[in-house]
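Below you'll find the structure, written out as structure tokens, and then a few comments.
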Amino acid sequence: AASQQGPGTPPHRPRKNATPLIHPAEEWGAREPHREARLAEGSPRYIVIHHTSTPNNDDVSLARAKRLARGIQNAHMNDRGWPDTGQHFTINRGGHILEGRHGSLAAALEGNFVIGTHARQANPYSVGIECEGTYNTVMPPRELLASLVRMCTWLCVQYDLDPHEAIVPHRKFSDTDCCGDKFAPTLPRLREEVAKSITKSLG
């Protein structure tokens, strides 16, 4: 990925941090992006939580998660004209975590991030996580939430972020219901769970 100094926090050496199981883009059959991702050296300011606004499917398999990832990429590239998947990571309703935009996983492992297309105005200094489903009237399933805690814990440690300040809903930056009228108000609970998980993982 082409390097570009981003407006996030300065680069630092990531601490030892157990990486959750993340299925890379190549594994789910991603198309080649139209252009190479831009790499921002250093940490983002925010981890932006999204929902996909798709049906709350009962198929929680990895195969379904891969189909979802391909569908999102096709929609973003074909319908919106973006060079690749907009968000960095996707979690399906079964809790499977997939890389979205090419290069996101490799960059995070080094304490950097690629510039996504997921939150207008915040793209240059944020990482986006899509949660499969629509959460205006219901909450995400337990498996999805557990993986979201693991993923946010890992990212906060990699980037040396305070979860109370870093984890935000998409609606912080746009006039949108994302990440859901039911789910978004519960993000303080997510931040608390991530903070506890960080303490435990580094203890």
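Only the coordinates and a few stated rules stand behind these numbers; no lab work does. Keep in mind that this is a model prediction, so the values were computed, not measured. Every residue, glycine as well, gets a Cβ built from its backbone with ideal geometry; the counts of neighbours run over all protein chains shown.
Side notes on the structure shown:
- Here region 24-133 yields Rg over Rh of 0.94, to two decimals, using C-alpha coordinates and the Kirkwood radius.
- Close amide H pairs (under 5 Å, H built 1.01 Å from N) link Ala40 with Gln4, Phe113, Val114, Ile115, residues at least 5 positions away or on another chain.
- Reciprocal of mean inverse Cα separation for the chain (Kirkwood radius, Å): 16.6 Å
- Taking the convex hull of Cα positions in region 120-203, its mean projected area over all directions (nm²): 5.4 nm²
- Taking one quarter of the surface of the C-alpha convex hull of region 62-125 gives a mean projected area of 4.6 nm².
- Bridges between two residues of the chain, per DSSP, are antiparallel at a rate of about 25%.
- Mean sequence separation of contacting Cα pairs (under 8 Å, at least six apart), scaled by the length of the chain, corresponds to a relative contact order of 27 percent.
- With contacts taken as Cα pairs under 8 Å at a separation of at least 6 residues, region 85-197 carries a relative contact order of 27 percent.
- Near Gly128, the amide H atoms lying under 5 Å from its own belong to Val48, His88, Phe89; only residues 5 or more places off or on other chains count, and H is placed 1.01 Å from N.
- Lys, Arg +1 and Asp, Glu -1 on Cβ, resulting dipole of region 68-152 about Cα centre, debye, nearest 20: 140 debye
- In this Cβ point-charge picture (+1 for Lys and Arg, -1 for Asp and Glu), the chain has a dipole of about 240 debye about its Cα centre.
- The peptide list 157-168, 26-37, 101-112, 42-53, put in order of mean Cβ contacts within 10 Å with the highest first, becomes 42-53, 101-112, 157-168, 26-37.
- Spin-label model, Leu202 to Glu27: label points 7 Å out along the Cα-to-beta-carbon direction sit 2.7 nm apart.
- Separation between Cα centres of region 155-203 and region 38-74, rounded to whole Å: 16 Å
- Packing around the peptides 146-155, 71-80, 124-133, taken as the average count of other Cβ atoms within 10 Å per residue, puts them in this order, highest first: 124-133, 146-155, 71-80.
- Label-reachable residues, region 43-84, where backbone N falls under 18 Å from a point 7 Å from Gln121's Cα toward its Cβ: 45-50
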